[in-house]
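A short worksheet on the structure shown next.
The values are calculated or read from the model by the stated rules, or taken from the named source; none is laboratory data. All of these numbers come straight from a predicted model, not from anything done at the bench. A quick note on method: Cβ atoms are made from the backbone with ideal geometry, for glycine too, and the neighbour counts reach across all protein chains shown.
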Amino acid sequence: MSKKPTTHGGPRKGSGRPKGAKSKNAKGRTAVTRSVSMQPESWDKLDRARGDQSRGKYIESILPDNGGGQKYELAMEFKANKIHLIPL
């Protein structure tokens, strides 16, 4: 007498997410994960500024296209002992 195979308790072929290039449409991981450490007040400020956007999308939106960021000239006012940043 042949026993009926059980359908529970083991891996099933083809189940789950595709891994790597083993399947036709698998892209794998497309984002690079990094961490940013800031004070809670700074995170609150960032969250207020971003509105409904995700944190990643908001940070990406404020990055400059040329990758260099804003350039400044540094000027020192010696009598008042102040430093001024002049945007170029």
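Some points to look at:
- Count of residues meeting criterion [within 18 Å of residue 31 (Cβ to Cβ) and part of a helix (DSSP H, G or I)] in the stretch 41-60: 7
- Residue count for the stretch 1-46 satisfying the condition of being farther than 24 Å from residue 61 by Cα, at pLDDT 70 or above and either of a type in the set (D, E, K, R) or within 18 Å of the chain's Cα centre (by Cα) (or both): 4.
- Where a residue in the stretch 28-54 is of a type outside the set (Phe, Trp, Tyr) and its partner, wherever it lies, is part of a helix (DSSP H, G or I) and surrounded by 10 or more Cβ atoms within 10 Å (Cβ to Cβ), with Cβ under 6 Å and at least six apart: 50/58
- Applying the criterion of being assigned to a strand (DSSP E or B) and within 31 Å of the chain's Cα centre (by Cα) to the residues of the stretch 72-88, the residue that is surrounded by the fewest Cβ atoms within 10 Å (Cβ to Cβ) is 87.
- Residues that are of a type in the set (S, T, N, Q) and either surrounded by 10 or more Cβ atoms within 10 Å (Cβ to Cβ) or in contact with a His (Cβ under 9 Å, 6 or more places away or on another chain) (or both) within the stretch 34-55 comprise 42, 53, listed in sequence order.
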